[in-house]
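K.L.:
Okay, here's the structure, questions in a sec.
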Amino acid sequence: MRYALIGDIHGNLEAFDAVLASIEQEHVDQILCVGDIVGYGANPVECIDLVKEKCTKVVAGNHDYAAIGLTDVDYFNPFAKDALLWTSERLSEKEINYLASLKLMEREDSFTMVHATLSNPRDWGYILNTFDAAMNFELQVDPICFVGHSHGPVVYMKRENFISGHRFVSKIEAGCQYIINVGSVGQPRDGDYRASYVVFDLDLQTLKLKRVEYDVVKTQKKIMEAGLPQILADRLSIGR
Ligand code: ZN
């Protein structure tokens, strides 16, 4: 079984389309999403429709819940909050019901998916270092936990009681546990503007981090035309 793991799409249809085209070439069996389909970008409805069509399992992100009133928008910075209010005005009952149906955590074969952290996932904490990772590993029963939320691909590995952080790894070692951040499709923040996703081969126990070019200028234009905050357009070209 081969999986593509995507997340933090954030209403960026151009990046999402480019990632789906790239996934086509990877011949995966399933596409899974670690949340934040909406927020920031100009195409929330189109991105929800595509996720519904393409993804077999999806967990809720903080923006997905906030757009429908399940997480307080005051938790967000002013630009994110503006974009969330803009987004929620565009969702019909169909999209609202879909986002409301998303769970905070899903399990598949030998892995777990959660947007933020396994400890109180609805508090939307971040896994940014080995200390945060240790708290997550405490609650992690599967060998792998796929996460999103920080918009930067990274891997934390636990071998016996030692936890290490890695830019990425290509092989899952037996007896070890992993937290794998799949990066962001629609708003990367690791200094690389290209969309990010991960291919996981369950049988071979291999991982691949993929970066995909997309039409950033077109996305920026749409954000400006929608009247969304300029910074949300600007940051896309520098991946911050
Ligand atoms: Zn996000």
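Here, each number is a calculation from the coordinates, and none is a lab measurement. What you see is a predicted model; the values in this text were computed from it and never measured. Every residue, glycine among them, receives a Cβ derived from its backbone with ideal geometry; neighbour counts consider all protein chains shown.
K.L.:
Considering the options Ile9, Asn136, Ala116, tell which one lies farthest towards the positive end of the dipole of region 1-136, charges being +1 on Lys and Arg and -1 on Asp and Glu at the Cβ, about the Cα centre.
P.N.:
Asn136
K.L.:
What's the exposure ranking of Ile6, Ile144, Ile238, going from fewest to most Cβ atoms within 10 Å?
P.N.:
Ile238, Ile144, Ile6
K.L.:
Something else: If one computes P(r) from the Cα atoms of region 74-142, what percent of pairs lie at distances over 15 Å?
P.N.:
Here the long-distance tail beyond 15 Å is 66 percent of all Cα pairs in region 74-142.
K.L.:
Another question, then. Based on DSSP loop calls and a cut-off of at most 16 other Cβ atoms within 10 Å, the longest stretch of the chain free of exposed GluC sites (Glu not before Pro) is what?
P.N.:
No qualifying site falls inside 1-159, the longest such stretch.
K.L.:
A follow-up question, please. Evaluate the relative contact order of region 101-159 (contact order divided by residue number), counting alpha-carbon pairs under 8 angstrom at least 6 apart; express in whole percent.
P.N.:
35 percent
K.L.:
Relative contact order for the chain: what is it in percent, counting Cα pairs under 8 Å that are at least 6 residues apart?
P.N.:
Once normalised by length, the contact order is 23 percent.
K.L.:
So, in the chain, how many Lys pairs have Cα atoms under 21 Å apart, if the pair is 8 or more places apart or on different chains?
P.N.:
17
K.L.:
Follow-up question, since we're still on this one. So for the chain, taking the charge dipole from beta-carbon charges (+1 Lys/Arg, -1 Asp/Glu), which of Phe76, Ile163, Thr56 sits furthest toward the positive end?
P.N.:
Among Phe76, Ile163, Thr56, the one farthest towards the positive end of the dipole of the chain is Ile163.
K.L.:
Report for region 86-240 the percent antiparallel among DSSP-assigned beta bridges with both residues inside it, nearest 5.
P.N.:
Roughly 75 percent of the DSSP beta bridges within region 86-240 come out antiparallel.
K.L.:
Something else about it: Test of understanding: ordering Met105, Met157 by Cβ neighbours within 10 Å, fewest first, what list do you get?
P.N.:
Least crowded to most crowded, the residues run Met105, Met157.
K.L.:
Can you give the translational diffusion coefficient of the chain in µm²/s, computed by Stokes-Einstein from the Kirkwood radius over Cα pairs at 25 °C and 0.890 mPa s?
P.N.:
140 µm²/s
K.L.:
Tell me, what does the Kirkwood hydrodynamic radius of region 103-159 come to in angstroms if you use every pair of distinct C-alpha atoms?
P.N.:
With all distinct Cα pairs of region 103-159 included, I get 11.4 Å.
K.L.:
Relative to the compact-globule scaling 2.2 N^0.38 Å, provide the ratio for the alpha-carbon radius of gyration of region 37-163.
P.N.:
Against the empirical 2.2 N^0.38 Å value, I get 1.11 for region 37-163.
K.L.:
Could I ask something else about it? Calculate the dipole size of the chain relative to its Cα centre from +1 charges on Lys and Arg beta carbons and -1 charges on Asp and Glu beta carbons; express the result in debye to the nearest 20.
P.N.:
That gives the chain a dipole magnitude of about 400 debye.
K.L.:
Tell me, what is a quarter of the convex hull surface for the C-alpha atoms of region 1-106, in nm² with one decimal?
P.N.:
That works out to 6.2 nm².
K.L.:
GNM on the chain, C-alpha springs below 10 Å: top fluctuator among Arg167, Arg211, Arg90?
P.N.:
Arg167
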